[in-house]
Amino acid sequence: MMKARHVTPPHERGFTLIELMSALLILSLLAVMSFRGLGAVLDARDHVRQETEKWRSVAAFFSRFQRDVQLSAPRPLQAASDRLEFSRFATLEGMDTPRRVGYRLNESHEIEISLWPGFDVADIPPARYVVLAAVSELKLQYLDTKLNWGDAWPRSEGDAPLPQAVRIRIVLATGEELVRVFALSS
């Protein structure tokens, strides 16, 4: 007599150990790839945030410098290739007062602004504020009436109180070089 074999119906059959191990391997590979992808996205987001902050700071610096230079008063100017000091009028909106202003690159590689409390006050020390950090180089040049650029102002006794324009060149610590030219009120 033949013995009956018990056959398990297909719907009651389970997974084999090899099938379970294969599924776990595939899921772990997907998890590793997802983790690396997420890490790359987060790194890219941080890089974009840092770059955005850097360029926002640069734009704010140039905007402030332009506003101050455009309000320059026809008073004696002290200018060299690494610093600029001048008097400027108040803004039309009355938000600022007339004062002496100076820009220079400090020892910490930051462009700082010096603000005196009045127009031509030399005996009172100025308040100093950092307006742009991480700058490796600052160079200023001044345009005379013959359209020649020089590294200092005034160049001679007959020069006007203000040059025609100021050219500013900064090199950021990350290597970018920026050059802007600003006309001065005559």
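The values are calculated or read from the model by the stated rules, or taken from the named source; none is laboratory data. The shown structure was predicted, so the numbers you read here are calculated from the model rather than taken from an experiment. Note: ideal-geometry Cβ built from the backbone for every residue, glycine included; neighbour counts use all protein chains shown.
Is it the case, given these coordinates, that Ala90 is of a type in the set (A, V, I, L, M) and not in a loop (DSSP other than H, G, I, E, B)? Criteria not met by Ala90. For segment 117-139, the criterion of being in contact with a Phe, Trp or Tyr (Cβ under 6 Å, 6 or more places away or on another chain) and within 26 Å of Glu51 (Cβ to Cβ) is met by at least one residue. If you filter segment 103-119 down to residues that are farther than 14 Å from Leu132 by Cα and at pLDDT 90 or above, you find that the one that is nearest to the chain's Cα centre (by Cα) is Leu115.
Which of the residues that make up segment 131-148 are surrounded by fewer than 13 Cβ atoms within 10 Å (Cβ to Cβ) and out of contact with any Pro (no Cβ under 9 Å at 6 or more places or on another chain)?
Going residue by residue through segment 131-148, those that are surrounded by fewer than 13 Cβ atoms within 10 Å (Cβ to Cβ) are 145-148.
Lys146, Leu147, Asn148 - these are the residues of segment 131-148 that are surrounded by fewer than 13 Cβ atoms within 10 Å (Cβ to Cβ) and out of contact with any Pro (no Cβ under 9 Å at 6 or more places or on another chain).
Annotation: of all residues in segment 128-153 being among the polar types (S, T, N, Q) and over 15 Å from Val181 (Cβ atoms), the one that is farthest from the chain's Cα centre (by Cα) is Thr145.
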